[in-house]
Ligand code: AMP
């Protein structure tokens with residue numbers, strides 16, 4: 001099963017992707033995690049990406065394409081994957097289709113987790129206290145929400161137009177949301 005998970009920062013997307021990954025025995029591919037690891041290790045990608053991440057902006061598509069091509073081409077992704085954090089704009093959605101077409105492994109389902117804004121702010125301030133991510137603070141969070149609304153929200157329409165999108169209510173307990181996602185996949 002090849003699944004794309006969509007949702008704003010603070011929607012619980014990463015948490016849900018990890019649970020789905022365990023449940024369905026598929027690799028969880030988070031571009032945010034891959035980028036943060038690259039920054040930690042000081043790789044060329046990390047060095048180039050850092051300023052964008054810290055500003056809450058998208059890392060340029062050309063840099064992301066190499067990363068995603070390499071990761072999706074790895075043997076463990078042959079059986080399927082849960083993609084978390086990619087695509088983030090329409091150009092990336094189109095590039096993903098091209099990459100997956102080449103691998104003869106098209107996206108089968110896009111799941112969007114929808115959460116209201118007050119809850120997003122509440123969850124992100126909790127995460128800031130727990131994880132200390134450099135981009136979970138005031139101004140940067142606001143910027144990430146704007147980027148989501150302007151650039152990432154159209155990606156939902158891209159998948160809706162291809163009849164691949166299911167929207168799931170992201171309010172409630174982690175377990176309840178997980179059940180809704182599994183239902184949306186069945
Ligand atoms: P995330 O952990 O998914 O919230 O991603 C954290 C940050 O990494 C984002 O705010 C972006 O700066 C960067 N990032 C992650 N995925 C992408 C992507 N697909 N395209 C561009 N930038 C990304």
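Here are a few things to note about the model shown:
- Any chance residue 165 is modelled with pLDDT of 95 or more and within 19 Å of residue 21 (Cβ to Cβ): no
- Helices (runs of 4 or more DSSP H) completely within the stretch 57-159 that count 3 or more residues being more than 13 Å from the ligand (Cβ to nearest atom): 90-102, 117-131
- A single entry from 46, 32, 7, 42 fulfils the requirement of being surrounded by fewer than 19 Cβ atoms within 10 Å (Cβ to Cβ), at pLDDT 95 or above and within 11 Å of the chain's Cα centre (by Cα): 32.
- When we screen 119, 139, 183 for residues that are within 20 Å of residue 15 (Cβ to Cβ) and exposed (fewer than 14 other Cβ atoms within 10 Å of the Cβ), the only hit is 183.
The values are calculated or read from the model by the stated rules, or taken from the named source; none is laboratory data. Remember, it's a predicted structure, so these values are computed and weren't measured experimentally. All Cβ positions, glycine included, derive from the backbone under ideal geometry; neighbour counts span all protein chains shown.
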